[in-house]
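The values are calculated or read from the model by the stated rules, or taken from the named source; none is laboratory data. Everything quoted here is computed from the prediction, not taken from an experiment. Cβ coordinates were reconstructed from backbone atoms using ideal geometry, including for glycine residues, and neighbour counts include every protein chain displayed.
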Amino acid sequence: MAYNILIVDDSAVTREVLTRTIRLSGMPLGEIYHAANGAEALRVLDEKWADIVFTDINMPVMDGLQFVEELQKRDDWERLPVVIVSTEGSKNRIEELQKIGVSGYIRKPFTPEEVTDMIQKVMGEKTNA
Amino acid sequence: MPDSLEQAVVDSTLRVFETAAFMAIWLWSEEDGELPAPDTVAVMAFHGPVSGRLTLRVSSSVLPALASNMVGDMEGGDSTTEKGLDALREVLNMICGNLLTSWYGENVVFELDPPEIVPIEATPPASSASTRFAVEGTLAEVDVAMADEAVSEAASPSSRSLPEEH
């Protein structure tokens, strides 16, 4: 099965870095979509199917937390695995994110292994659900 | 755990440049001599139990390599000015997040404003913790300015605590 990925970050460089890292992970990949903020990501999801989302927190227009909360409101997106990729790594913030249904957290700067391990973890859990 | 705010700045800056940008960077010393001064500035503010501003100054000559290294473009291809500035903003973003967690611990939540590129002539004045680095044969500088300098002076290993809430 090939996975479609949605990457949400206001930094084009970060989106490219994540794209490259995911492509090097060896995971079976379909399409990789990009969005610069949460609102744009919702528009992408209206038209495209994604199996997993990687999103930053601090973004203009709609930040990562608002984006995840919007996903939770939709039946067809409620179970979509979301991984936060952010510079901020406080335990309180991670716990807050887990409470709203985030599947994982990767802190920047990240290694390719961290991204690969997270995809395997999240998609493995989704397969077993 | 770093012994000082300056050490936290050094550790975070080295980690980000080396891990994210694959660039050799070290603390500048007189042995490095006079290096080309920075001409590009990125600034971001942070808010939380303490608030402040982090400034990163670099030479524009490092931006193409910075962007190419981060996205893995080994041939140094399409590294436009905008991509280089985007890379700089992201580097500052990562330094800030790592610095705050390193210095204040993992139990403190900070809100980070988006990094911005500002004109060199509008650069905020140097603060109590200004650190110089050598990278790609040029000079880079990182400044941390606390909104309340008294809070930063109290942030020593023996008394590093946050203001009590009343």
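Yes/no matrix, rows are residues, columns are (1) loosely packed, with under 13 Cβ neighbours inside 10 Å; (2) in contact with a Phe, Trp or Tyr (Cβ under 8 Å, 6 or more places away or on another chain); (3) not hydrophobic (A, V, I, L, M, F, W, C):
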| site | (1), (2), (3) |
| --- | --- |
| A:GLU47 | yes, no, yes |
| A:ILE52 | no, yes, no |
| A:PRO60 | yes, no, yes |
| A:GLY64 | no, no, yes |
| A:LEU71 | no, yes, no |
| A:TRP77 | no, no, no |
| A:ILE84 | no, yes, no |
| A:ILE94 | no, yes, no |
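Looking only at the stretch A:68-78, decide whether some residue is touching a residue at least 40 places away in the same chain (Cβ under 8 Å) and not β-branched (Val, Ile, Thr).
no
Screening A:ALA41 with (1) surrounded by fewer than 19 Cβ atoms within 10 Å (Cβ to Cβ); (2) among the small types (Gly, Ala, Ser); (3) touching a Leu at 6+ places or on another chain (Cβ under 7 Å) gives one miss only, at (1).
Going by the conditions given, is A:LEU18 within 11 Å of chain B (Cβ to nearest Cβ), surrounded by fewer than 18 Cβ atoms within 10 Å (Cβ to Cβ) and either over 17 Å from A:SER103 (Cα atoms) or at pLDDT below 95 (or both)? Answer is no for this residue. Checked against the criterion of being of a type in the set (Gly, Ala, Ser) and within 12 Å of the chain's Cα centre (by Cα), the candidates A:ALA2, A:ALA12, A:ALA35, A:ALA39 yield just one match: A:ALA35.
Across the stretch B:48-81, the qualifying residues are those that are of a type in the set (D, E, K, R) and modelled with pLDDT of 90 or more, and the one among them that is farthest from A:ASN92 (Cα to Cα) is B:ARG57.
Scanning the stretch A:103-121 for residues that are assigned to a helix (DSSP H, G or I) and crowded, with 21+ Cβ neighbours inside 10 Å returns A:VAL115, A:MET118, A:ILE119.
Of all the numbered requirements in (1) without any contact (Cβ under 8 Å) to a residue 60 or more places away in the chain; (2) more than 19 Å from A:THR87 (Cβ to Cβ); (3) more than 8 Å from chain A (Cβ to nearest Cβ); (4) out of contact with any strand residue (DSSP E or B) (no Cβ under 7 Å at 6 or more places or on another chain), B:TYR104 misses one, and that requirement is (2).
With a requirement of 1 or more residues that are within 13 Å of the chain's Cα centre (by Cα), buried (at least 22 other Cβ atoms within 10 Å of the Cβ) and touching a residue at least 60 places away in the same chain (Cβ under 8 Å), the strands (runs of 3 or more DSSP E) lying completely within the stretch B:1-100 that satisfy it span B:40-47, B:52-58. In this entry, A:ARG15 passes the filter for residues that are touching a His at 6+ places or on another chain (Cβ under 7 Å) and closer than 23 Å to B:ASN93 by Cβ.
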